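Step one of this worksheet: look at the structure below.
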Amino acid sequence: MSRQVIINADDFGLSPSVNQGIIQAYLAGGITSTSMMVNMPGLDHAVSSACSLPDLGIGLHFNLTYGRPVSEPSQVPSLVNPDGSFYKGDNVTIRDIADIAKELDAQWNAFIQTSFTPTHLDSHQLLHQNDPRIYKIMAEKAVRENIPLRRSQIRHSIPDLSAPRMTDTILLDTYEGPEGLRRLLHHLSSLRAGVTEIVCHPGYVDDVLRDISNWLDIREHELKVFINPIIPRTLQELGIIPINYKTMNAIPDAYSELLPIRTPIPIPGSGTLTLPVISPTSLTSTKKTRYLRQRLSKQQRIIKALRMSSKRRAKARTVSRKTRKH
């Protein structure tokens, strides 16, 4: 079974500076997917920027804690403070399930009105992981819309709930400080078979973001990690297929045609990291026919991915030069 990875940058639409960082990471080949907040001040900038990036997968980042609801506050009273902003308290039971479902539908419809369609559902600040009621509402929505839901690290036992499509594994980590890049490369080198989602939060900081979030410097630290050209190079050398949620179920099981490697990769300021040997998978006779049929199509995908990575890196360098001039 092949190894596929979705590297998803959360908080697209939060602010123009966050959007800029996410786009730069995508063009550098460091992320493959993002999830968009539709009630935040960076939405218009995110939508206009995404129009020129048709291969970027964009999901809905369901939000109940930042800003104001898309619904009229009077229509979702259990979600808001007296001033109409989202309630941020720890007592999640104050949220009424009917109000949660109503706001999810409102955010979904707002997303659709941008002319994009969500590739998947996930939630801000792990809402659906921490609250089984939100998980149930989002899982039902994902099944109705026939899109994947981000995997929760907490298993919620909910009777008679249809299971939405999910990745096989999810990695929730942060990548700040001098060990951030090394930590990410370690995750990649030990990736399990199947589809894994790696969640990250790259971005630049501006005054809009400072007024909204206390996650500031960490975004710029993560941006430095996810624009590093070591990431697409490592994916290629390990035979890991970068995908987004839109293509999650479109790529069949395949065996890597890459040669075994043991490559010392230089990490600026941290020495080198030696990746483990990746041995070719031995094939049984029952698998040979499928393998041969898939081989040509996979080679074509790899060639296309490499070409796209080169174009993204070239475009990222142009964006970076323009940023420095400003």
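The values are calculated or read from the model by the stated rules, or taken from the named source; none is laboratory data. These numbers were taken from a predicted model, which means no experiment stands behind them. Cβ atoms come from the backbone with ideal geometry, glycine included; neighbour counts cover every protein chain shown. Protein only, heavy atoms only, side chains kept; ligands, DNA and RNA dropped before computing areas. Shrake-Rupley method; radii C 1.70, N 1.55, O 1.52, S 1.80 Å.
Among the residues examined, A25 qualifies as more than 18 Å from H124 (Cβ to Cβ) and open to solvent by less than 10 Å² (accessible area, probe 1.4 Å). Against the list (1) open to solvent by 70 Å² or more (accessible area, probe 1.4 Å); (2) more than 20 Å from G30 (Cα to Cα); (3) in contact with a helix residue (DSSP H, G or I) (Cβ under 8 Å, 6 or more places away or on another chain), the condition Q236 fails is (2).
Does Q4 satisfy the condition of being in a helix (DSSP H, G or I) and buried (at least 20 other Cβ atoms within 10 Å of the Cβ)? Spell out the reasoning first.
Working: in a helix (DSSP H, G or I): no; buried (at least 20 other Cβ atoms within 10 Å of the Cβ): yes.
Taking the combined requirement at face value, the residue does not satisfy it.
Within the range 110-133, which residues are without any contact (Cβ under 8 Å) to a residue 40 or more places away in the chain and buried (at least 19 other Cβ atoms within 10 Å of the Cβ)? Those that are without any contact (Cβ under 8 Å) to a residue 40 or more places away in the chain and buried (at least 19 other Cβ atoms within 10 Å of the Cβ): Q129, D131. When the range 177-193 is filtered for residues that are under 14 Å from I6 (Cβ atoms) and touching a residue at least 60 places away in the same chain (Cβ under 8 Å), the ones remaining, listed by number, are L188, L191, R192.
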